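A short worksheet on the structure shown next.
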Amino acid sequence: MELKDFFARHPRAALAFSGGADSAYLLYAAARCGADVRPYFADSAFQPRFELADARRLCAELGAALQVVPVDILTVPGAADNPPGRCYHCKRAIFSAIAAAAGRDGYSLLLDGTNASDPEEDRPGMRALRELGVRSPLRECGLVKGEVRRLSREAGLFTWDKPAYACLATRIPAGTAIRRCDLERTERAEEYLTGLGFRDFRVRLLDGCARIQVPAEQLPLALARRRELTAELGQYYGGVLLDLEARDES
């Protein structure tokens, strides 16, 4: 099945829109297929401000009316206390809020941007989406991440090479309660590293310290900017650590 076939069968739907490469291409493809797909962005403390800015920019370029849905995620049971299965409670709360908003607008089908490269094992977040009946057209049509990026580049979408970005809560170790101040200092730290030219990295919380994880090819840059990094991040953390192992994709 191709996306045009999916949208021929489902010409009207809501889309959980993150501003990332996958949901951006899905929104573009839906418009090209003539489908009525409305994007909804869940605005929570777990999302950095640049994601909302990217979502607004992409929707403006595509002429789509973005709906922003506030979600007070830190009050959701099973989210702020950060158990190992936190993602289930988080995803269920966020997608339930989007589904409710979409339902009020007359949309009964909810889509997301999961692609065919995403692991299919029974992850907590994926289980929540299945329970809520969320459909994933990219996965259903067999589109892997590389194809999504290629097609996005051909379409002229600025998101074509945007790195995958897990929510800020993933920077806090499981079992450690998530505080708004920790999310805020994580966002400030990662914004600073982005400004220095780092890409596809993470700043994780470890015993009150910042644990910086960068791809192997960016380790020389991290060492060259060591003084700047420690001076800036030292304002927010008790110490600044550089992980000498290459960052994985989580």
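The values are calculated or read from the model by the stated rules, or taken from the named source; none is laboratory data. In this text, all values refer to a predicted model and were calculated from it rather than measured experimentally. In this analysis, Cβ positions are derived from the backbone assuming ideal geometry, glycine residues included, and neighbour counts consider all displayed protein chains.
Below is a table of values for the structure above.
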quantity	calculated
Contacts under 7 angstrom Cβ, first residue in segment 200-228 being on the phi < 0 side of the Ramachandran plot, partner among the acidic types (Asp, Glu) and part of a helix (DSSP H, G or I), 6 or more apart	Val203/Glu190; Leu205/Asp182
Count - residues of segment 49-68 that are within 15 Å of the chain's Cα centre (by Cα), crowded, with 18+ Cβ neighbours inside 10 Å and not small (Gly, Ala, Ser)	3
Filter result for the condition that a residue is among the small types (Gly, Ala, Ser) and either modelled with pLDDT of 95 or more or closer than 24 Å to Arg171 by Cα (or both), over Ala116, Ala64	Ala64
Enumeration of residues in segment 19-34 that are closer than 17 Å to Arg135 by Cβ and buried (at least 22 other Cβ atoms within 10 Å of the Cβ)	Asp22, Ser23, Tyr25, Leu26, Leu27, Ala29, Ala30
Residue count for segment 19-48, restricted to those that are in a loop (DSSP other than H, G, I, E, B), within 19 Å of Glu140 (Cα to Cα) and within 15 Å of the chain's Cα centre (by Cα)	1
Every residue from segment 197-220 that is assigned to a helix (DSSP H, G or I) and within 26 Å of Ala21 (Cα to Cα)	Ala216, Glu217, Gln218, Leu219
Where Ser108 falls short, out of the listed (1) hydroxyl-bearing (Ser, Thr, Tyr); (2) within 29 Å of Arg211 (Cβ to Cβ); (3) exposed (fewer than 12 other Cβ atoms within 10 Å of the Cβ)	(2)
Yes/no for Phe46 being in contact with a Cys (Cβ under 9 Å, 6 or more places away or on another chain), more than 25 Å from Tyr28 (Cβ to Cβ), modelled with pLDDT of 95 or more and assigned by TED's automatic domain parsing to the domain that holds Ala29	yes
Selection status of Arg226, within 23 Å of the chain's Cα centre (by Cα), surrounded by fewer than 17 Cβ atoms within 10 Å (Cβ to Cβ) and among the charged types (D, E, K, R)	no
Arg139 vs. criteria crowded, with 17+ Cβ neighbours inside 10 Å and of a type outside the set (Asp, Glu)	yes
Test: residue in segment 149-160 that is more than 23 Å from Ala60 (Cα to Cα) and surrounded by fewer than 20 Cβ atoms within 10 Å (Cβ to Cβ)	no
Filter result (assigned by TED's automatic domain parsing to the domain that holds Ala231, touching a residue at least 24 places away in the same chain (Cβ under 8 Å), under 30 Å from Glu147 (Cα atoms) and small (Gly, Ala, Ser)) within segment 165-198	Gly197
Residue within segment 120-129 that is of a type in the set (Lys, Arg), modelled with pLDDT under 95 and over 25 Å from Val68 (Cα atoms) present	yes
